[in-house]
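To keep things clear, I will list the structure first and then write my remarks on it.
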Amino acid sequence: MLSVILFRILLLIAVSILVFSVIKYAVDPRRKLEIARNKGGFYFLDDSNNVRKNFFLTYGHVMFEGEKYLGTINDSFEVTSITVWTEEKDKLKGLRKTDFLFIEKEISIRYPHAKIEWNSPIKELLKKMN
């Protein structure tokens, strides 16, 4: 009798752990980032409270990474500079200047005081188009 009760308790604990794991997987922001990347959509993953953590964004099947730099604005510290790059340069085919301007606008919404700089080859593309 005691073994049956113990077995039921262990079974309940196992099911609880399984349900918790499924819920945690379903709401994981990294998973949402990958889904948006595979669909070619836009998703911005960032911990705005932690300046040391880079942000990730996906747009048009390309994953971009941005590094934030802290500086002073008037009487407070804010993110004043952001460098954005991608490791997937081969996937940039088909993106236009308007796409990069959209990405800059989305970053500016989150960090209004930041100057956005692009790394190569995006920097050269934007210079040619200006």
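Okay, here's what the table says:
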{"item": "Lys123, Lys128, ranked by accessible area, largest first (probe 1.4 Å)", "result": "Lys128, Lys123"}
{"item": "Accessible heavy-atom area order of Leu2, Leu18, Leu33, highest first, probe of 1.4 Å", "result": "Leu2, Leu18, Leu33"}
{"item": "The chain: most fluctuating residue of Gly94, Gly60, Gly41 per GNM, C-alpha cutoff 10 Å", "result": "Gly94"}
{"item": "Computed accessible area, Val4, all protein chains, 1.4 angstrom probe, square angstrom", "result": "70 Å²"}
{"item": "Between helix 2-26 and the chain: long-axis angle, C-alpha atoms, 0 to 90°, nearest 10", "result": "10 degrees"}
{"item": "Linear extension gain, Leu11 paired with Arg31, 0.36 nm per residue minus alpha-carbon span", "result": "4.3 nm"}
{"item": "Gyration tensor (alpha-carbon) shape descriptor, region 1-107, a/c threshold 1.5", "result": "oblate"}
{"item": "Extension gain from Trp85 to Leu125, taking 0.36 nm per residue of separation minus the Cα-Cα distance", "result": "13.1 nm"}
{"item": "Asn74 paired with Met1, simple spin-label distance in nm, labels 7 Å along Cα-to-beta-carbon", "result": "7.4 nm"}
{"item": "Average accessible surface area per residue within the chain, 1.4 Å rolling probe, Å²", "result": "71 Å²"}
{"item": "Protein accessible area in the chain, 1.4 Å probe - carbon and sulfur %", "result": "59 percent"}
{"item": "Pairs of lysine residues in the chain - Cα separation under 14 Å, sequence separation of 8 or more or cross-chain", "result": "11"}
{"item": "Degrees between helix 97-110 axis and first principal axis of the chain (Cα, 0 to 90, nearest 10)", "result": "60 degrees"}
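The values are calculated or read from the model by the stated rules, or taken from the named source; none is laboratory data. Bear in mind that the values here come from a model prediction, so they are computed numbers and not experimental data. Here Cβ is always computed from backbone atoms with ideal geometry, including for glycine, and neighbour counts include all displayed protein chains. Heads up: the accessible areas ignore ligands, DNA and RNA and are worked out on the full protein's heavy atoms, side chains in. Shrake-Rupley method; radii C 1.70, N 1.55, O 1.52, S 1.80 Å.
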